[in-house]
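In what follows, a single structure is set out as structure tokens and then discussed.
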Amino acid sequence: LTGTLTLTNNDPDNGSLVVNLTGIGQSLSPNISVWVDTLKFGDVVAGTSTDLGFFVANTGDTTLTVSNVVASGTGFNYSGSTSFLVAVNDSNQVTVRFSPATTGDFTGTITITSNDPDTPTKTVQLSGKGTTSSTSKIFAAGWNLMSIPLNPVSNLASDVLTGIPSYLLFKYASGTYQSSTTIDPASGYWLGIETADTVNLTGTPLITDQTKTLAGGWNLIASPFAGGSPKNNLRIIQGSTTYTIDEAVTANLVQSNIYKYNNTSTPAYATVTTLDAWNGH
């Protein structure tokens, strides 16, 4: 737009002073502003999750309307509101969850769609790394009915039990004890050692249901989870029917008692209501 400003005065030489005017008319508009280019989660243990957030601000002069928020990329998830309003000079937090199922590097994006006329879509990069977890357990001298509460980097017994100079390891299959060269989650094993020693285990936590085939007779089982498993959480499957542990006992599929082995000055079996991590049963 253009115009003039005329000043009429009593100056005998310049009684009419004209000033030229120019300006640009603009409609009111929102302006989306995000102060991060990449949301970096860093190292997160595979099988667990962590949350990080950032703020979506409105530095414009009318309300910002966000119409969609979408996260993409393996392991990244956005479960918040996909539409919201941001007042002038205000902001709204957007939180993303990173849940790596395996180890390795992960990348993704979160895309925000709004009514900003200049930037209708705003994209923030996502990055994170799934890593292993470590845990340890001291086993007493003699026989231990044991298991492992992680999916190990290597299931070779020599790798899981590295550092123990001498040991005996047995699994139970086909009605007999058999020497075992591997150690897998959800299975119980007899570990014999001469002196008390520590097993240091590196692997990834298991976060989904685990299924183990049961043979007729005795079975050595274990909880594959870092927090153990209540006995009531066990399910017995026969054909297409799934039973609770109590229902399976009533149906004469399994016995009621589940045992652990206490390696003490007077070793003995004891019934349990929870399958604890590191124990075999």
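Going by the alpha-carbon gyration tensor, a ≥ b ≥ c the square roots of its eigenvalues, is region 119-245 rounded (a/c under 1.5) or, if a/c is not under 1.5, prolate (a/b greater than b/c) versus oblate? Oblate is the answer for region 119-245, as a/c is 1.5 or above yet b/c matches or exceeds a/b.
Computed from label points 7 Å out along Cα-Cβ, the spacing between Asn233 and Asn77 is 1.7 nm.
Fully extended, how many nm does the chain gain between Tyr259 and Gln210 (0.36 nm per residue separation, minus their Cα-Cα distance)?
Details: separation 49, 0.36 × 49 = 17.64 nm, distance 1.98 nm.
Full extension of this stretch gives 15.7 nm more.
Multiplying the residue separation of Thr62 and Thr22 by 0.36 nm and removing their Cα-Cα distance gives an extension gain of 11.9 nm. Annotation: extensible slack from Ala101 through Asp43 equals 19.6 nm (criterion: 0.36 nm per residue apart, minus Cα-Cα distance). What does the charge count around Ser29 come to, taking other residues whose C-beta lies under 12 Å from its C-beta (Lys +1, Arg +1, Asp -1, Glu -1)? Result for the local shell: -3. What FRET efficiency would be calculated for the residue pair Trp218, Tyr167, taking the C-beta separation as r and a Förster radius of 22 Å, to the nearest 0.05? Using R0 = 22 Å, I get an efficiency of 0.50.
Along region 230-242 the Karplus relation, 6.51 cos²θ - 1.76 cosθ + 1.60 evaluated at θ = phi - 60°, assigns HN-Hα couplings of x, 4, 5, 7, 5, 10, 10, 10, 10, x, 9, 9, 10 Hz to successive residues, with x for each Gly and Pro.
A Gaussian network model of the chain, with springs between Cα atoms under 10 Å, assigns the largest mean-square fluctuation among Thr109, Thr59, Thr241 to Thr241. The 3J(HN,Hα) values that the Karplus relation (6.51, -1.76, 1.60; θ = phi - 60°) gives for region 250-256 are, in residue order, 4, 7, 6, 8, 9, 7, 6 Hz. Gly and Pro appear as x.
If you take all other residues with their beta carbon under 12 Å from the beta carbon of Thr109, and give Lys and Arg +1 and Asp and Glu -1, the sum is 0. Only lysine pairs 8 or more places apart, or on different chains, with alpha-carbon atoms under 27 angstrom apart are counted in the chain, and they number 13.
Against the criterion of solvent-accessible heavy-atom surface with a 1.4 angstrom probe, Val249, Val160 sort, most first, into Val249, Val160. Counting only protein heavy atoms and a 1.4 Å probe, region 150-281 has 58 square angstrom of accessible area per residue.
Which residue fluctuates the most in the chain, going by a Gaussian network model with Cα springs under 10 Å, if the choices are Ser127, Ser147, Ser81? Sorting by GNM fluctuation, first place goes to Ser81.
Only four residue types carry charge here, +1 at the Cβ of Lys and Arg and -1 at the Cβ of Asp and Glu. Report the dipole size of region 27-182 about the Cα centre in Debye, rounded to the nearest 20.
Working: 6 positive and 9 negative charges, 146 e Å.
Once rounded to the nearest 20, the dipole reads 700 debye.
Sum up the charges of everything whose Cβ sits under 14 Å from the Cβ of Ile236, counting Lys and Arg as +1 and Asp and Glu as -1, but leave Ile236 out. Spell out each step's value before the answer.
Working: positive: Lys212, Lys231, Arg235; negative: Asp209, Asp246, Glu247.
Neighbourhood net charge equals 0.
Positive end of the charge dipole of region 1-118 (Lys, Arg +1 and Asp, Glu -1 on Cβ, about the Cα centre): tell me which of Val56, Gly80, Asn68 has its Cα farthest that way. My answer, from the dipole projection, is Gly80. Result for the chain in a Gaussian network model with C-alpha springs under 10 Å: among Ser180, Ser133, Ser265, the largest mean-square fluctuation is at Ser265.
Taking all protein chains together and a probe of 1.4 Å, list Glu194, Glu247 from the most accessible to the least accessible. Write out the running numbers ahead of the final one.
On the way: Glu194 150, Glu247 95 Å².
Accessible-area ranking of Glu194, Glu247, largest first: Glu194, Glu247.
Whole-Hz Karplus values for region 7-15 come out as 10, 9, 8, 9, 5, x, 8, 9, x Hz, taken residue by residue from phi with 6.51 cos²θ - 1.76 cosθ + 1.60 and θ = phi - 60°; glycine and proline positions read x.
The values are calculated or read from the model by the stated rules, or taken from the named source; none is laboratory data. Every value quoted in this text rests on a predicted model; they were computed, and no experiment measured them. No Cβ is skipped: glycine too gets one built from the backbone with ideal geometry, and neighbour counts run over all protein chains shown. Side chains included, ligands, DNA and RNA excluded: accessible areas come from the protein's heavy atoms. Shrake-Rupley method; radii C 1.70, N 1.55, O 1.52, S 1.80 Å.
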